[in-house]
1. Any idea how many residues of region B:93-109 are charged (D, E, K, R), in contact with a Phe, Trp or Tyr (Cβ under 8 Å, 6 or more places away or on another chain) and part of a strand (DSSP E or B)?
2. Checking the condition buried (at least 18 other Cβ atoms within 10 Å of the Cβ) and within 18 Å of the chain's Cα centre (by Cα), which residue from B:Ser335, B:Ser264 passes?
3. Do we find that B:Leu229 is touching a Phe, Trp or Tyr at 6+ places or on another chain (Cβ under 6 Å), modelled with pLDDT under 95 and exposed (fewer than 15 other Cβ atoms within 10 Å of the Cβ) in this structure?
4. For region B:282-332, give me each residue that is over 20 Å from B:Ala205 (Cα atoms), within 19 Å of the chain's Cα centre (by Cα) and hydroxyl-bearing (Ser, Thr, Tyr).
5. Just need a number here: residues in region B:89-104 that are in contact (Cβ under 8 Å) with a residue 24 or more places away in the chain and buried (at least 20 other Cβ atoms within 10 Å of the Cβ).
6. Quick check, is A:Ala140 of a type in the set (A, V, I, L, M) and within 23 Å of A:Gly48 (Cα to Cα)?
7. Which of the residues spanning region A:75-89 are within 14 Å of the chain's Cα centre (by Cα) and buried (at least 16 other Cβ atoms within 10 Å of the Cβ)?
8. Only residues that are at pLDDT below 90, surrounded by 13 or more Cβ atoms within 10 Å (Cβ to Cβ) and of a type in the set (Gly, Ala, Ser): list them for region A:104-115, please.
Amino acid sequence: MPEPSRGLQISRRGWLFASLVAPLFPARAADSLIVTFDDNNLHISSLGLHFLQGKSLSRLKDGSTVEYVATVGLFRDQFVTQLKRPAEYHFFVSYDIWGTGDVFAVSTPGPPARRATNLSLSGAETWCLERVVVATVGIARDQQFWLRLELRTVPPKLSSVLGETGIHVNVIEVLTPGQDERQTFTSGPLRLEDLIRTPRKGRAG
Amino acid sequence: MKRAWLGCLLLGSLLFAAPQDSDNNVNARYVVETVIVSGKGWTANLQSETTDKISTSLLHQLTAIIGQKLNPASLDTLAQNLKRELSASEVTHRIVRGETPEQVRVEFEVRPARATLGMNVNQFLYDSREGFNGSGEATVTLQQHVFALGLVSNGDWLPERFSGLVARYEDKHVGTDRLSFKFEAESFHAQWNRATVAAMSENPADVPALYRARQAFQPTATVVLAKPLTLTLGARIERFVEEGPAGQIETANAVITDLHFHQSTEGPGSQQDFDADCSLHMATRALNSNYVYSARTAGVRYQFRSGKHIVTDNAWGGFITGLAPLSDRFVLGNSEYLRGWNKYEIDPLGGNRALSNSVEYHYGPFQAFYDAGAIWDAGEPIVVRHSVGLGLRESVFSLAVAIPMRSGRVEPIFMMGILP
């Protein structure tokens, strides 16, 4: 009879296999979200959620504008069957070179276009997420659903093809376009009646 | 007419598509103090120094942002232009604090590429009389070596419509930046206009024969004598397969020399560019050439830019002695010289004497031009012709209507496409 603890041990070969296979599953990094409800709309809390990081943060600190796209999807089951069509939100973030400390500016394309400046890193993240609002029309209070938030950056545009001597296409650049940075956050199963209630903040479009 | 409207829409979309990045970037309120470009082993602060690594026109674009409010979208465009011109693998840009508060420095870092693969469309022109003309090529760049293979179909530049293949090898740095080498090979099939064939039958003795195909090899070396003066020396070895069942082969083997001068000067808020060029093609029996001739050309071009205003004058002339093949004879009445006139009406066989002057005025994308020129053969009377035109030009896209000035009827020519 095998020892009970034997089944919990992972061999060195197992660790090696796991380390090789782990990057193949992008969902592995899906962090959980805190979702709140204001009787009409779902809101996503920025608590513990950080997306201004990595290469995009370096691009920001180099003075570039980084466009983020937040996509929120609601599912009937564990991220297979859609409950509502995913909603997209665009944000333009920039870093103030002459700001006091690390300060950011954020804007949305609109309409209506909105803009905020002199925000800290976490303040900028909060500002963006406060604009991510999902209407709950058609969802019963006791209906189970799952929520997925995907945040991705829009990679820098490809080189312009127009030059002084004609049109030029860099084939290598076209075949190997810049990678966007993606972060996925999930929550579920959820029910409206179970969610933390917040005062009404705004309406989803 | 449908094509004209399509062209208008395309050009319009280019003219009115403005980048929005400056609205979204908080640093757009700061003024650019200086621009610094650095590559492998070199750095240039463009506020106080210049560099020979970058062309004058691109230097002008880079220095134009100094003293202006920062436009982050324009930095992407400048980085792309640097990348293309320097065949770099990547050009990144960053904004850092300047020495004065509220001012920023823009730093471009150029990373050289080992190899690039490109597709180029160098010309694509629709002319309401000549139809479509185009040329494109695929290029592979390995450090300073460029290999290119392209396709051409052109009824605009020469008395013939020529279609075929071009191949090119170029070494931009033969031991030194002052010396470059180029080898070009061409193989074209020729088609002749009825007017040319008719003119040929009227003067069979005075002009060279029509051909159905031609091939050429042209090795040249260019040396920088003293910046900005360059000298190109080389040879052009060309063979013609003449029309007719026998398909007789004729050769035109010539030595080539070309002297080129370019100077650009900048004043407060303005820029002046001056180009001068003179060339000699000389084909002799000593080079085993059937055609014996010499072609001399000279041209000057002056351009003045101030804000959105650009005035350009382009004067050019040439003469041929001896009997040159039709592909080497001068042509006026195309998309470049004496626009609006029909080259087959003026001189269907081309001429061995030509003079041309073109004055252009641009305000932003709007352009107006006045062309004057004459083409003739030695001993013939000189008839000077004029034409005027209006159009739009954005980047390399051009849309123009040219009207030949003559008594009687008005026959405007519509031109649209990519014109370098």
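The values are calculated or read from the model by the stated rules, or taken from the named source; none is laboratory data. Predicted model, so just to flag it, every value in this text is computed and none were measured. Virtual Cβ from ideal backbone geometry, glycine too; neighbours counted across all protein chains shown.
1. Residues meeting the conditions: 1.
2. From the options B:Ser335, B:Ser264, the qualifying one is B:Ser335.
3. Considered against the rule, which asks whether it is touching a Phe, Trp or Tyr at 6+ places or on another chain (Cβ under 6 Å), modelled with pLDDT under 95 and exposed (fewer than 15 other Cβ atoms within 10 Å of the Cβ), B:Leu229 comes out as yes.
4. Of everything in region B:282-332, those that are over 20 Å from B:Ala205 (Cα atoms), within 19 Å of the chain's Cα centre (by Cα) and hydroxyl-bearing (Ser, Thr, Tyr) turn out to be B:Thr297, B:Tyr302, B:Thr312.
5. 2
6. In short, no.
7. Listed by number, the residues that qualify are A:Ala87, A:Tyr89.
8. Residues satisfying the conditions do not exist here.
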